[in-house]
């Protein structure tokens, strides 16, 4: 029986585990991937706004986290295949048949990039689908590319690719782009970027690699094809909450609802980091939420154990 089982080893889960360990709690952290760090591995640019730490990219910061947890007293299992998580019973069942029991559970499963769900999206993964402009732009230098989305991430990637690509076409469903003002100002003066609003990419086309996209514009009767060699999709994220949907209350977008103490609608079940839809989804916010949950759990368990000891003496 563990005091705490943490599901997810991104910044939030790792911070919670470190705090739980320092507060004397028997802690186990489970990670589906073979490596820790979660979404840090999708950050290819410099991290300059995490207080006290400057890292070249997310992988470097993740490595620093890994160095720190090597000296910690909690158990970390990676490559874990979970069959079922019963939040009411506080029990995690693994595909190996093993069952893990705890007093409290912390959910730190994060979010994933939303997919379009169109033909060609999965087929051309690694064959013209661009993962990140910061990492891949040299691979697409001199090639025409299409970016799908209208927020900060889409526009920032468009600006990065415009430095090395002859043409960058930005396709957005909405009437206006939702990116921050400084990005939009740069966009307006960049003659390599063409913006199609109220438009949608309906298909990614090619043989061995991406060769074109099919676009449908508002009020158009037919789609048209545009030749491109790369496609980058940035249409937001969605939470990894499939295993918990019938167990705790979620908001309309599928994020887990929590109190100011990071507790869900089930007692002794907490959710931290991006999976709880924080107002400011940042690394510092995630680690802070992890600390909050750990301190609440430690105080609660200590109080419960003191009450039990007092009852035994009485």
**OP:** Please report, ordered by residue number, the helices (runs of 4 or more DSSP H) entirely within the range 108-216 with at least 3 residues that are touching a strand residue (DSSP E or B) at 6+ places or on another chain (Cβ under 7 Å), in contact (Cβ under 8 Å) with a residue 12 or more places away in the chain and surrounded by 14 or more Cβ atoms within 10 Å (Cβ to Cβ).
**Re:** 152-162
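For the range 242-258, give me each residue that is surrounded by fewer than 11 Cβ atoms within 10 Å (Cβ to Cβ) and over 12 Å from residue 87 (Cα atoms). Spell out how you get there, then give the answer.
The initial filter retains those residues of the range 242-258 that are surrounded by fewer than 11 Cβ atoms within 10 Å (Cβ to Cβ), namely 242, 246, 252.
Answer for the range 242-258, where residues must be surrounded by fewer than 11 Cβ atoms within 10 Å (Cβ to Cβ) and over 12 Å from residue 87 (Cα atoms): 242, 252.
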Subject >> Given (1) closer than 30 Å to residue 91 by Cα; (2) touching a strand residue (DSSP E or B) at 6+ places or on another chain (Cβ under 8 Å), index of the condition residue 245 fails >> reply: (2)
Original post:
Of the conditions (1) at pLDDT below 95; (2) crowded, with 20+ Cβ neighbours inside 10 Å; (3) not assigned by TED's automatic domain parsing to the domain that holds residue 215, residue 85 fails just one. Which one is it?
Top reply: (1)
Subject >> Output for the range 25-62, where each listed residue is farther than 23 Å from residue 100 by Cα, assigned to a helix (DSSP H, G or I) and touching a residue at least 24 places away in the same chain (Cβ under 8 Å) >> reply: 39, 40, 42, 61, 62
**OP:** Kindly provide the set of residues from the range 69-107 that are over 30 Å from residue 133 (Cα atoms) and out of contact with any strand residue (DSSP E or B) (no Cβ under 7 Å at 6 or more places or on another chain), ordered by number.
**Re:** 70, 71, 72, 73, 86, 88, 89, 96, 97, 98
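What do you reckon, is residue 301 crowded, with 17+ Cβ neighbours inside 10 Å, touching a strand residue (DSSP E or B) at 6+ places or on another chain (Cβ under 7 Å) and part of a helix (DSSP H, G or I)?
Working: crowded, with 17+ Cβ neighbours inside 10 Å: yes; touching a strand residue (DSSP E or B) at 6+ places or on another chain (Cβ under 7 Å): yes; part of a helix (DSSP H, G or I): yes.
Taking the combined requirement at face value, the residue satisfies it.
Of all residues in the range 271-280, how many are buried (at least 16 other Cβ atoms within 10 Å of the Cβ), touching a helix residue (DSSP H, G or I) at 6+ places or on another chain (Cβ under 9 Å) and either free of Cβ contacts under 8 Å to residues at least 12 places away in the same chain or outside any helix (DSSP H, G or I) (or both)?
Qualifying residue count, the range 271-280: 3.
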**OP:** Name the residue, out of 222, 295, 253, that is part of a helix (DSSP H, G or I) and either outside the structural domain of residue 86 (by TED's automatic domain parsing) or more than 20 Å from residue 88 (Cβ to Cβ) (or both).
**Re:** 295
**OP:** Working only within the range 225-241, note down all residues that are surrounded by fewer than 20 Cβ atoms within 10 Å (Cβ to Cβ), in contact with a strand residue (DSSP E or B) (Cβ under 7 Å, 6 or more places away or on another chain) and either touching a residue at least 24 places away in the same chain (Cβ under 8 Å) or in a loop (DSSP other than H, G, I, E, B) (or both).
**Re:** 226, 227, 229, 235, 237, 238
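The values are calculated or read from the model by the stated rules, or taken from the named source; none is laboratory data. This one's a predicted model, so the numbers in the text were calculated from it and none came from an experiment. Cβ atoms come from the backbone with ideal geometry, glycine included; neighbour counts cover every protein chain shown.
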